[in-house]
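The values are calculated or read from the model by the stated rules, or taken from the named source; none is laboratory data. Quick caveat, the model's predicted, so the values are computed rather than measured. Neighbour counts run over all protein chains shown; Cβ positions are idealised from the backbone, glycine included.
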Amino acid sequence: MQARWLESLNTLLYRLRHLWAVGSFSLGLASYFLVERKPWLAAVLTAVLVGTWLVLLTENFWLRRFRGGAMEPLAQGALKLMLQGVHQEAFFFSLPFVILQWSGGAEYFLFTGLVIAGALVSIIDPLYFRLAGHRALYFGFHAWALFVALLVLLPLIFKWPTNYALDGAAVLTALFALPSFWRVGGPRPAYRWALLVVFSGAIATVPLWGAALVPPLTLSLEERAMAASINRASREPLVTGQRFAASELDDGLYAYTAIRAPLGLGQPVSHYWYHDGELVDRIGLHLTGGRREGYRTWSHKAHLPAPAAGDWRVEVRTDKNQIIGVLRFTITP
């Protein structure tokens, strides 16, 4: 009876393994475009990811219960297919945030490429099951899926600012990764244990050395404009453009941005003003999430350095120096 139940489960999971990825991507896409995000969906996904990590840790225990019998291959197959579905859920739920909210900065090529690669591996069976045969790589793959998903889920569930979400995702992934890697391969020399501790330490300190490489996945720049003036009552830019004459800027320039964030999220951001590649000013701002068109705010550079002519850009960054977007313009003599 038990063998028949497991065999039916294996068959069902095998048939649905790719539909799960489509459903996960659709759920992430819906979550991106809906202002009223569904926090319970994010909470369920978090619980599933953590639960499957516990299943990975106790895999030997479950397989020992079926070892030597006809159910052993069925149990192994069911476990692998269930974990494959969870990895698809983690990557494809996060993928719309990675692609649609990407600022376009070259800093994020590596992160975006690794997320897309992880998503593809999770749906290409020969690659995925070959990866599952290498335990250390498999735990690393799961750690990557957990880290990416937490970057999206922590702001959605707990309304954490993206800089705190990056800290939390790194620490939680490291805490789960270290005991996972301990059990890989059985007894080992002391230097390998040290390498495992260093590896988990590297994950935990990602916010210190790699924050600029990780995009703020739940923030996006919906509107941007350089303006000679602002209508403060309607919060709209006036006299916008990408080229300005220095003689027309006696009152300076405004960098106008509408930043989209999850409902209930509030966090500081900054406008970094660069002139010919040199930082000339940093202006701190605060955004509030929930508005479909983005929270409208601006910085005012009242006194432009002389001579002001040249190429300018304004980078919109979080406190962790993660780029949300960039505004570029030119001032002519």
- With (1) more than 23 Å from L95 (Cα to Cα); (2) out of contact with any strand residue (DSSP E or B) (no Cβ under 9 Å at 6 or more places or on another chain); (3) modelled with pLDDT under 90 as the list, and T205 as the residue in question, which single condition is left unmet? (3)
- Single residue of region 276-333 satisfying the filter (of a type in the set (S, T, Y) and touching a residue at least 40 places away in the same chain (Cβ under 8 Å)) that is surrounded by the fewest Cβ atoms within 10 Å (Cβ to Cβ): T332
- Message: Six or more apart or on different chains, Cβ atoms under 6 Å: show the pairs whose first residue is in region 192-205 and within 17 Å of T173 (Cα to Cα) and whose second is surrounded by 13 or more Cβ atoms within 10 Å (Cβ to Cβ) and not hydrophobic (A, V, I, L, M, F, W, C).
- Response: I203/T173
